[in-house]
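The values are calculated or read from the model by the stated rules, or taken from the named source; none is laboratory data. A quick note: this is a predicted structure, and the numbers were derived from the prediction, not measured. Note that we place each Cβ from the backbone using ideal geometry, even for glycine, and neighbour counts take in every protein chain shown.
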Amino acid sequence: MKMKKNKLLVSLLTAGVMVSPLAHATNGYFPIGVGPKTEAMGGAGIALPQDAFAAAANPAGMVMVGDRTDFALTWFKPTRNADITGNGAGLNGSYDGNGRSNFFIPDFGYNKMISNDTALGVVVYGNGGMNTQYNNNPFGAVGASGNLGINLEQLFIAPTWSKKLNATNSVGVSLNLAYQMFSATGLNGPALGSMSSNSAAMSDNGTDTSTGYGLKVGWTGEITPMVTLGATYQSKTKMSSFSSYSGLFAGQGNFDIPANYGVGIAVKATQATTVAFDVEQIDYSGVASVGNTFPQASPLGASNGPGFGWQNMTAFKLGMSYVYDSQLTLRGGLNHNNQQIPSNQSLLNILAPGVVQNHLSLGATWTLANKSEITVAYVHAFQQTVNGSGSIPAGFGGGNANISMHEDSIGISYGW
């Protein structure tokens, strides 16, 4: 039986690497949470570990969930659109970025208590991603050909150690082993190529990969029997470069994963009701290829070249769970983040219109006779539009790009 469990673990890790880990409903291109229980509560989980996915929110929570295995599958459907107006180079029009619109995301978590106060575990999850595919290329009027779009996928494999310091405090640390895949198409032709330091490494070079690592540390503390606090910090994840796209991303293809950190509180309002609230900060501007504004004096791909102009993001996550009876727990949540894409940065973000700001989530867990669980979650990210303001340079005919997105996802998990 032990050998079979080990084989299952290895198989799930392998599947996690091979299957597209595009992010769930998103704060920028980060998921609002990992696992249907956390997603159903608006992503709140820093002070409320509920399953073996807990390390994705706070490594310190793993020692609080005990021996546990969970796996999940989420169907994710983003809807992306762009409009270009007032342009003198022939780019005007409405463009549908949904050439690929259905994604399936697996997550896996395993935790084992190795003593009464220490746990070892691993979580495999999609940490981020973004996809667009415009079958009608918005840059066709300036010589670009083929479908325009990108596909970014980020996978974390996070071995985690956590320990209870005493009856009310625990700490934890995860080693985030990161794997990225990226491809871009339709950013070709002499007009777009003139903006790059290396036009041959800007587009249509297939899928490139990148690897790296970082750390995530966390703490939880029970302040009273009714109130638990948590805090977590994840370092910038240093990644190897996308050499095939060194003419697109600043720093010759560099695409590190931003640092992020947060605090949370969970309050047991009644015997059956728990309310959780998290605040998370994501330092998108700390990665040049994401945070540098467009255009710059330097060309695309240069050491300090243009990026997508994303600002830092603060996400607020509010969730509630209600134990209806011994077999059924109900959940709901809200998630709000500031707009990280300024109105003057909308042109390049036709490729990455991660503009949603408000999410509503619902979910439930059914406990089966053998004490295993089935959990479902639905998340809707409401339609959001960023209208451009001076977003297209005069050299490209001026005018503005307006970008919009909304998202839906349904996740299901089985845990024991």
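When the residues of region 80-118 are filtered to those that are of a type in the set (Val, Ile, Thr) and surrounded by fewer than 17 Cβ atoms within 10 Å (Cβ to Cβ), the one that is nearest to residue 351 (Cα to Cα) is 85. Is it the case that region 350-361 has a residue that's of a type in the set (S, T, N, Q), part of a strand (DSSP E or B) and over 23 Å from residue 94 (Cβ atoms)? Yes. When every residue of region 324-332 is checked against the conditions, none turns out to be within 23 Å of residue 218 (Cβ to Cβ) and hydrophobic (A, V, I, L, M, F, W, C). Selection within region 317-353: residues that are in contact with a Ser or Thr (Cβ under 6 Å, 6 or more places away or on another chain), under 19 Å from residue 34 (Cβ atoms) and not β-branched (Val, Ile, Thr). The member of this set that is surrounded by the fewest Cβ atoms within 10 Å (Cβ to Cβ) is 321.
When region 268-282 is filtered for residues that are within 16 Å of residue 330 (Cα to Cα) and free of Cβ contacts under 8 Å to residues at least 60 places away in the same chain, the ones remaining, listed by number, are 268, 269, 270, 271, 272, 273, 275. Look at residue 188 and say whether it is modelled with pLDDT of 95 or more and either over 23 Å from residue 248 (Cβ atoms) or in contact with a Lys or Arg (Cβ under 7 Å, 6 or more places away or on another chain) (or both). When the stated conditions are applied, residue 188 does not pass them.
Which one of these is among the small types (Gly, Ala, Ser) and either part of a strand (DSSP E or B) or under 22 Å from residue 118 (Cα atoms) (or both): 203, 210, 241, 145?
Residue meeting the stated conditions: 210.
Checking each residue in region 356-384 for being loosely packed, with under 14 Cβ neighbours inside 10 Å and in contact with an Asp or Glu (Cβ under 8 Å, 6 or more places away or on another chain) picks out only 366. Would you call residue 64 in contact with a Leu (Cβ under 8 Å, 6 or more places away or on another chain), at pLDDT 95 or above and farther than 27 Å from residue 133 by Cβ? For residue 64, the condition - in contact with a Leu (Cβ under 8 Å, 6 or more places away or on another chain), at pLDDT 95 or above and farther than 27 Å from residue 133 by Cβ - is not met. When restricted to residues that are at pLDDT 95 or above, farther than 9 Å from residue 346 by Cβ and not hydrophobic (A, V, I, L, M, F, W, C), region 391-414 contains 10.
Contact map, region 90-104: residues that are touching a residue at least 12 places away in the same chain (Cβ under 8 Å) paired with residues that are exposed (fewer than 15 other Cβ atoms within 10 Å of the Cβ) and of a type in the set (Lys, Arg), Cβ distance under 6 Å, separation 6+ or inter-chain. Pairs shown: 101/77; 102/77.
Being surrounded by 24 or more Cβ atoms within 10 Å (Cβ to Cβ), modelled with pLDDT under 95 and in a loop (DSSP other than H, G, I, E, B) is true of residue 23. Across region 118-139, the number of residues qualifying as of a type in the set (Gly, Ala, Ser), at pLDDT 95 or above and either assigned to a helix (DSSP H, G or I) or within 23 Å of residue 212 (Cβ to Cβ) (or both) comes to 1. A count restricted to region 393-416 and to residues that are in a strand (DSSP E or B), over 16 Å from the mean Cα position of the chain (by Cα) and either surrounded by fewer than 20 Cβ atoms within 10 Å (Cβ to Cβ) or of a type in the set (S, T, N, Q) (or both) stands at 6.
Being over 17 Å from the mean Cα position of the chain (by Cα) and of a type in the set (Gly, Ala, Ser), is that true of even one residue in region 67-80?
no
Residues that are buried (at least 21 other Cβ atoms within 10 Å of the Cβ) and among the hydrophobic types (A, V, I, L, M, F, W, C) were ranked within region 167-187; the one that is nearest to residue 59 (Cα to Cα) is 178.
The residues of region 165-200 that are in contact (Cβ under 8 Å) with a residue 24 or more places away in the chain, outside any loop (DSSP other than H, G, I, E, B), over 26 Å from the mean Cα position of the chain (by Cα) and more than 26 Å from residue 110 (Cβ to Cβ), listed by number, are 190, 191, 192, 196, 199, 200.
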